[in-house]
Amino acid sequence: QQQQQQQQQQEEEGGRQFRDDFLALQPVFAQVFDNFDQDGGGTISREEFVSFVIAYAAMFVFRDQTPTVAFERAAAFVRQEASGQAMVNDMLTAMDQNADNEIEFGEFWDYFTDSRRVPKSLSQFNTTKSFVEYWSNRKLILGEDGSVVARHLTKEEEEAKQAKEAAAKKAAAKLAQKRQTRERVAKEILQVEERYCASLNACVSVFYVGMQEKGVVDDEQLATLFSNLPSLLALNTRFLVALTKRIVGFDTTSTVLGDVYIQFAPFFKLYTEYVANHSKANALLSQLMHSNSLKSFLDKCSLNPLTKGMNLASYLIMPVQMIPRYVLLLKELLKNTVSDHPDVPLLEQAIDKVDATAKHINQFMTLQENRQKIIELEMKFDVYPRFLSPSRTFLRQSQLVKKADGREIPYHFFLFNDMLAYASDMKLSSQFDFKLRRKMPFDPSFKVTDRGHNVFCIEFDKKKFDVVFPDQAEQQAWLADVQQCIHNNKGKIKKTKKDNKQLNDPTSDIFDIGDTPMFGDETPANNAASQGDNSCSLCGDVFSFFSRKHHCKQCRAVCCYRCSGHRIKGLRACDNCYCLKPPAP
């Protein structure tokens, strides 16, 4: 009797716990209910209820089958067999308490919590719980007849679903990160421009104006040191205003910046003049630093709060670095802009335009360096060889052996893009290195032939000689360059009878290249036409408001003020004429 009482107490306690656990499933039942409520009306229609019964039958009646087969057989059983239809009608009648052919959640829940249907054992409870959890992780699809049919997700489908959700989540996180980075880059662009304009302003207001007022350097030296820096300050101040209007209140989804760069890109070519002058400015600054008065002045300027302890050279290099920096910042901004953003095509166009400006500056600097090499080379000749020309590029130089008429004589050969020249050594007592022997333009009479054995043959103006190289590698390098120059000059060179008369004059160029005559061979009118009246014939600087055009009174060349700052007998002279005919002491 005592054992029976203990067993009864355990059953009552287990029953209370069981009912509490079962009632805790109400949210899960609610989720199942919502799954079958396809139209979201808050009730389950008869067709929606049929899909529920199919699921119920698949879980309990055909549980020994695979999920797919179980659902197929359950659907056939419920929709086609009388016993299945009767089960639907019985359950629907039992649930539909108000007989409106619509089952509300209260009716749905009451049906399962009815004392006659609540399982009386833990095993039955677990089965019911498994059914509810089973359906809380399933999805519904429409059957062929338009009714709702429950379908089990295969393992592959479940993995694909999870992978898709993970990919979507990752894409959303990447998009959010990209937008944050775009905003950060935009703010960095503004900060860079603000610091740059502040630096230019400090350089102009402290160094430039200070030198001008104190008179520590003359006007020509001041122009060489700072070039058109005040113009660059004015330009970048306007650029900063335009950027500030866009970036303050920046919206990552709608704000565009590319059009601002497109608008200002043509004006960035002003940097060409500054960059071309930078090497001269550095050389002059190094020379002027020997002056104690200037050195003392610059030291005081560095103590000014605006300069932040930086010296003049540090400020003068900033504009040289700015245009390439614009390209890098724009590429970083484009990298962190989504593909459908309206700024993408504008940024791509802005990058092309600003990068073209940077390349233009680099090409101009390369041309400047090449011209400087030619000028330095010309200074080594006893007689001015007139190598310098706006279109001429110096390529290579080697000491080789000229072989002709049974004689072998060492010469220095100089290769330019439009001609080949060779010269002999001067005596050791001479202050010059070379004596020009011949200049051979790449006109139709010029031919080169590979003879092998480190030799190639040159034919020019009905004359022929061999050039002997120390090794095959150098011979092949020279041969390739000469052949390329000949190819590039086809159709460009014109010879005249006057040229043939000048052939034996080593100081004259015997040919014209297109519409760019050689320096000093033209009248002032032709000179202006050949230069397009807009650039210096010596350094190539484009004439502007700050770099005016001048004529050398000795050779009539069009020059900028930097290249024509000399005087011979009181008349303006360019650098070349001054080197050839310096004024008497």
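The values are calculated or read from the model by the stated rules, or taken from the named source; none is laboratory data. Not measured: the values here are computed from a predicted model. Neighbour counts run over all protein chains shown; Cβ positions are idealised from the backbone, glycine included. Keep in mind that these areas ignore ligands, DNA and RNA; they rest on the heavy atoms of the full protein, side chains included. Shrake-Rupley method; radii C 1.70, N 1.55, O 1.52, S 1.80 Å.
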key: Most to least accessible of MET365, MET95 (protein chains only, probe 1.4 Å)   = MET365, MET95
note = Order by accessible surface, 1.4 Å probe, largest leading, for residues GLU332, GLU159 comes to GLU159, GLU332
note = Residue-ordered couplings for region 386-392, obtained by feeding phi - 60° into the Karplus form 6.51 cos²θ - 1.76 cosθ + 1.60 and rounding to whole Hz (Gly and Pro as x), are 6, 7, 5, 7, x, 9, 9
message = With a cut-off of 8 Å between alpha carbons and a minimum separation of six or more residues, what is the relative contact order of region 212-279 in percent?
response = 44
ask   = In a shell of Cβ-Cβ distance under 13 Å around ASP405, excluding ASP405 itself, what net charge do Lys and Arg (+1) and Asp and Glu (-1) give?
value = +3
task = Roll a 1.4 Å probe over the protein heavy atoms and report the accessible area of ARG79 in Å², nearest 10.
result = 70
inquiry  = What distance in nm separates the two pseudo spin-label positions at GLN1 and PHE112, each 7 Å out from Cα along the beta-carbon direction?
reply    = 4.4
request  = Take the eigenvalues of the Cα gyration tensor for region 151-310, scale each by 5, and report the square roots as semi-axes in whole Å, largest first.
outcome  = 53, 16, 14
Nearest-20 debye value, region 432-479 charge dipole, Cβ charges on Lys, Arg, Asp, Glu = 340
query = Residues with beta-carbon under 15 Å from that of LYS214, excluding LYS214: net charge, scoring Lys, Arg +1 and Asp, Glu -1?
reply = -2
ask   = When the accessible area of region 249-356 is split by element with a 1.4 Å probe, what percent falls to carbon and sulfur?
value = 56
